[in-house]
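Note sheet for the following structure.
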Amino acid sequence: MSVVSGLNHVAIMTKDLERFIAFYTNAFGLEVVFKESVPGMKHAVLRIGADSWLHPVEAPGSRKW
């Protein structure tokens, strides 16, 4: 029995949302399906598979890896 049967989405903190999106769309051909900028946060959703998503988030003051 497998502990994990699939991957829905992965959220990633980034210092520069636009640069992140540019890299993943150009390097891997990912499709941006959602993008939003609200006070205190910018984020997007990129399709990485039929039912899987990459969710980069840029939020000033948050810990950056």
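Would you pick out the residues in the stretch 20-65 that are modelled with pLDDT of 95 or more and on the phi > 0 side of the Ramachandran plot?
Residue satisfying the conditions is GLY29 alone.
Given (1) without any contact (Cβ under 8 Å) to a residue 24 or more places away in the chain; (2) in a loop (DSSP other than H, G, I, E, B); (3) open to solvent by 90 Å² or more (accessible area, probe 1.4 Å), identify the lone condition not met by SER2.
Going through the list (1) without any contact (Cβ under 8 Å) to a residue 24 or more places away in the chain; (2) in a loop (DSSP other than H, G, I, E, B); (3) open to solvent by 90 Å² or more (accessible area, probe 1.4 Å), SER2 breaks only (3).
Count, please, the residues in the stretch 5-31 that happen to be assigned to a strand (DSSP E or B) and open to solvent by less than 60 Å² (accessible area, probe 1.4 Å).
Counting residues in the stretch 5-31 that are assigned to a strand (DSSP E or B) and open to solvent by less than 60 Å² (accessible area, probe 1.4 Å) gives 2.
For THR14, all conditions in the list (1) out of contact with any strand residue (DSSP E or B) (no Cβ under 7 Å at 6 or more places or on another chain); (2) on the phi < 0 side of the Ramachandran plot hold save one; what is the number of the exception?
Among (1) out of contact with any strand residue (DSSP E or B) (no Cβ under 7 Å at 6 or more places or on another chain); (2) on the phi < 0 side of the Ramachandran plot, the lone unmet condition for THR14 is (1).
The values are calculated or read from the model by the stated rules, or taken from the named source; none is laboratory data. In this text, all values refer to a predicted model and were calculated from it rather than measured experimentally. Neighbour counts run over all protein chains shown; Cβ positions are idealised from the backbone, glycine included. Ligands, DNA and RNA are excluded from the accessible area calculation, which covers all protein heavy atoms including side chains. Shrake-Rupley method; radii C 1.70, N 1.55, O 1.52, S 1.80 Å.
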